[in-house]
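Here is the structure we will look at.
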Amino acid sequence: MELRPNRGGFLRPLGCGLFIRDFLWGKAPEHSSKVDPVRGATQSDINFEYKEAMAGATAREHTEKIISRMVLSGVDVTEEQAETIYQRELKRVSRKFTHMRYHSFLMYFSVLKRLDWVEATGETEPSAIQSNYSEGPERVYYRITKKGMEAPDEEWANPLFTLYPEIGRRHRKSAS
């Protein structure tokens, strides 16, 4: 997959919707932990795993480019050296580089809830805020629904257009 499209800037190595689907389905992408599909996960855990998977995928891309240049210049690269380069690149990747802050992630996740692709499991746990404010919200676990499992990749790749088809694929930001 080419990471630079003809128009519109750069693509991310992992799409958020497809990541959430696979993660909640128990098919964790590389660089993320596995989740029990019946139990699900909390929104904050999903967001954390997404950022870590993005960092890992980005570090892997950088590592491949570095190793490619080394090999082209005649250097033999061992697996240990490749892993060292990968670990170095992983440390360099900012976890804020995705441009999706937590609030944006919650808004994105609310679209998935409105599409009935994810649902609360009924399991909750105390949140960190409750140690100072007892009325604070608990952490709610979510899982993928049957409808979410049946939704095609194209819809998961852009759930906002699925929820609002009138926006259309040709939607562009206006120059206001």
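Tabulated values for the structure
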read-out	value
Spin-label model distance (nm) - Ala128 vs Lys27, 7 Å beyond Cα toward Cβ	3.2
Rounded to whole Hz, the Karplus (6.51, -1.76, 1.60) HN-Hα couplings of region 49-59, x for glycine and proline	5, 4, 5, 5, 5, 4, 4, x, 5, 5, 4
Residues with amide H under 5 Å from that of Thr121, placed H, sequence gap 5 or more	Tyr141, Tyr142, Arg143
Out-of-range pairs (alpha-carbon distance over 20 Å; input Lys27/Lys146; Lys113/Lys146; Lys96/Lys147)	Lys96/Lys147
Candidate lysines - alpha carbon under 20 Å from Lys65, same-chain residues fewer than 8 apart omitted	Lys91
Highest-first arrangement of 63-75, 40-52, where packing means the average Cβ count within 10 Å	40-52, 63-75
Approximate spin-label separation Leu160-Val71, in nm, with each point projected 7 Å along Cα-to-Cβ	3.8
Proximal charge balance of Lys34 [Cβ under 14 Å; K/R count +1, D/E count -1]	-3
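Read the figures in this text as sums done on the coordinates, not as results from a lab. Please read these numbers as outputs of a predicted model, since none were measured by experiment. Backbone-built Cβ (ideal geometry, glycine too); neighbour counts: all protein chains shown.
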